[in-house]
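Colleague: Here it is, the structure in full.
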Amino acid sequence: MNTTKNLDKTEGISKLKKLVETITTCFFCTDINNQNGSTTTVVTAQEVDEEGNIWFFSGLDTDRNRNIELDKKVQLFFSDTSKNIYLVLNGEAEIVIDKIKMEKLWSPFLKIWFKDGVVDTNISLIKVSSIDAHYWDNEGGKMVNFIKMIASVVTGKDFVDAVEGKIKI
């Protein structure tokens, strides 16, 4: 029922953009060698750029930033259970102070955390460069694919549009 489709460079970046734009919210894991989940935070992705880097806003004083300064390896987990779309990404994070980039990515919603906007003294960006990723994309959503699964059982033909694979950038 699942089709495997591994993607490189251009196709991979395009798929990464589509998935992250659809899901946006992710579990951002630092200190991954610790593996106990205590360093995982929920963040919202702002953009996937043309090189496949994922950008986030973050406070300079956060444990997330402190952990990245000690070890740049991170894992990102994106999940949209209503659409049955998932992405797990291993990458390297970099803390970036770039007011022009911040202005480009800024949204009024961010004022909750950064009251002074892009001139806030505690604001930073995190750029995550992908090392590798794995995705599951059940195109059509959960309910549509459930109906297709039933039709597949009844007819003996595969109607489910599930695709999974690796993304290498």
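Colleague: Rounded, prolate or oblate: which fits the range 1-70, taking a ≥ b ≥ c as square roots of the Cα gyration tensor eigenvalues, rounded meaning a/c under 1.5, else prolate when a/b beats b/c?
Modeller: prolate
Colleague: At 0.36 nm per residue, minus the direct Cα-Cα distance, what do Lys104 and Glu21 gain on full extension? Give it in nm, one decimal, please.
Modeller: 28.3 nm
Colleague: Quick one: Karplus J couplings for the range 3-11, per residue in order, coefficients 6.51, -1.76, 1.60, θ = phi - 60°, nearest Hz, x for Gly and Pro?
Modeller: Result, ordered by residue: 9, 9, 9, 7, 10, 10, 4, 4, 5 Hz.
Colleague: Shifting gears a bit: Which of Lys5/Lys99; Lys72/Lys168; Lys5/Lys104 have a Cα-Cα distance over 30 Å?
Modeller: Result: Lys5/Lys99; Lys5/Lys104 exceed 30 Å.
Colleague: Counting other Cβ atoms within 10 Å of each Cβ, which GluC sites (Glu not before Pro) in the range 1-90 have at most 15 and sit in a DSSP loop?
Modeller: Here the sparse-neighbourhood loop sites are Glu50, Glu51.
Colleague: Straight-line reach only, C-alpha to C-alpha below 18 angstrom: list the aspartates and glutamates that Lys18 could link to, leaving out same-chain residues fewer than 8 apart.
Modeller: Straight-distance partners of Lys18: Asp8, Glu47, Asp49, Glu50, Glu51, Asp80, Asp132, Asp137, Glu139, Asp161, Glu164.
Colleague: Moving on to the next point. Over 26 Å between Cα atoms: which of Lys111/Lys166; Lys17/Lys115; Lys17/Lys127 fall into that group?
Modeller: Among Lys111/Lys166; Lys17/Lys115; Lys17/Lys127, the Cα-Cα distance tops 26 Å for Lys111/Lys166; Lys17/Lys115.
Colleague: Using each residue's phi in the range 77-85, evaluate 6.51 cos²θ - 1.76 cosθ + 1.60 at θ = phi - 60° and report the 3J(HN,Hα) Karplus result to the nearest Hz, with x for Gly and Pro.
Modeller: Once rounded to whole Hz, the list reads 10, 10, 8, 10, 5, 5, 10, 6, 10.
Colleague: Take the alpha-carbon positions of the range 52-91, form their convex hull, and give its projected area averaged over all directions (one quarter of the hull surface) in nm².
Modeller: 3.7 nm²
Colleague: Can you pull the one-decimal nm distance between simple spin-label points at Thr81 and Glu51, each 7 Å off the Cα toward Cβ?
Modeller: For Thr81 paired with Glu51, the spin-label model returns 3.6 nm.
Taken together, the values in this text are just the output of simple stated rules run on the coordinates, not laboratory data. Please read these numbers as outputs of a predicted model, since none were measured by experiment. Note: ideal-geometry Cβ built from the backbone for every residue, glycine included; neighbour counts use all protein chains shown.
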